[in-house]
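Below: the structure, in structure tokens.
The values are calculated or read from the model by the stated rules, or taken from the named source; none is laboratory data. Predicted model, so just to flag it, every value in this text is computed and none were measured. Please note: Cβ atoms are built from the backbone with ideal geometry, for glycine as well, and neighbour counts cover all protein chains shown.
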Amino acid sequence: MPNHTTRRSLLAAASAAVTAAAVAPRALAVTAPSRPAAQVTGPVEYQAWTTAADWAAGTAQGTGVAGDGRAGVRLERAAGTVDYLDPHTGAQSTWEWASWTSPEHPLAVPATQAVVSWNANTPAGTWLAVELRGGYTDGTRTPWYVMGRWAAGDQDIRRTSVDGQQDGKSSIRTDTLAIDTPASGLRLASCELRLTLHRTPGSTLTPTVWRLGVLASDLPERTEVPPTAPGLPAAGELPVPRYSQETHRGQYPQYDSGGEAWCSPTSSQMVLAYWGRKPAPADLAWVSSDYADPQVCQAARGTYDYQYQGCGNWPFNAAYAATYPDLQGVVTRLSSLTDAEQLIRAGIPVITSVSFRQGELDGAGYDTAGHLMAVVGFTADGDVIANDPASPSDDAVRRVYQRRQFENVWLRTKWTNAKGSSVNGSGGVCYLYFPAEPSAAQTQALASCGVR
């Protein structure tokens, strides 16, 4: 039986179900709270900073706004240096740094969970750290939590989440800030994000960050969700290439024990291929010529979280997708398959996080505490057409799943596993990858799902 279990049995919890010091400089002064075009859909809010005006509203310490092409934050002058001891290599090195801090953003949805995602370019000799500080409804604040230390490559630092971060009210579970005791009524009322950009001392290199977003949510505890009727006209099917994670079983076990656990990067790579993006031949030179679909191996390496020891870190997958030219990646939650249908009609596949017992999703043939697959279309009857990487071959990847069953195993926040234990579901978590300059129809579909 495929082992699709990841720490998502904990991290995918909906807000109501969820019961280290950074290398960055000290907290910076924050400008007055502002709310640039917050997107709110029900108990979920996705807030993003993407435009020159958004970046100008933040507090810069050595950073500036890139003026050519896409607006982004870049390192213009070093604000200082910092020594970083990489916990995964034992190597210590000195880096110049500069930082950008968002305005404090009041949440329209007081939240029990928050997930940060970002899109950036990090040339060799650079990397970045992303942090979040929340304001509680009791008037206090969280510390600055590290949400990721990230680089596209692995030659300078090891890409990593940071364990052990907590303050007695909330804690970080790999890539998710969660209120420890939602039943207490405590919530996050606001959030700030901070980017710290690093480069080799004396160089003119810089990371560039084009998108920074936070998903905040407070979902009700639910074992079932209301069914939705198929939309009309039928959404159709997108020509998304098909890759199997199972054909990579045993390959490169240093990345989460090999391909059998690579549902997330395999799904990401399928959607990247749909958008016409693939690694350059030089990027694949390290992959054995005996292996089919070497781009899947590259995606696993490019999403691997050395602390979590897996490829299922949600923001790391979105960030990997956005390393390809003119693509964006977002981690968010959708409210129903109706949302997914709108995106499919606009040409945007939806990578979904699901969990279920064997028999709950007819045709799957396995059970999972956490699995990613790409929704690529809908039948005329409204059933889900999915590229499911938990398949024995590329040819077998296309599946049709019953609409009602799929919607429930994706959107619920509580379910009972094969051992009879009540565990957590994703509550509609998904990755969305789309062009840097989406079409009018794509912009409208994204906006309808709370993404700008």
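A few comments on the model shown:
- Whichever residue in the stretch 350-400 is among the hydroxyl-bearing types (Ser, Thr, Tyr) and closer than 18 Å to Leu334 by Cα and, among such residues, is surrounded by the most Cβ atoms within 10 Å (Cβ to Cβ): Ser353
- Matching residues in the stretch 308-323 - criterion: being in contact with a Pro (Cβ under 9 Å, 6 or more places away or on another chain) and either over 17 Å from Ser264 (Cα atoms) or assigned to a helix (DSSP H, G or I) (or both): Asn317, Tyr320
- Residue match in the stretch 402-410 (condition: touching an Asp or Glu at 6+ places or on another chain (Cβ under 8 Å) and not in a helix (DSSP H, G or I)): yes
- Flag if Leu343 is outside any strand (DSSP E or B), crowded, with 19+ Cβ neighbours inside 10 Å and either under 18 Å from the mean Cα position of the chain (by Cα) or among the β-branched types (Val, Ile, Thr) (or both): yes
- Condition check for Ala261: farther than 27 Å from Gly427 by Cα, out of contact with any helix residue (DSSP H, G or I) (no Cβ under 6 Å at 6 or more places or on another chain), in the same structural domain as Asp394 (by TED's automatic domain parsing) and among the aliphatic types (A, V, I, L, M): no
- Candidate set from the stretch 384-438 (those that are among the charged types (D, E, K, R) and under 30 Å from Ala292 (Cα atoms)); member that is farthest from the chain's Cα centre (by Cα): Asp395
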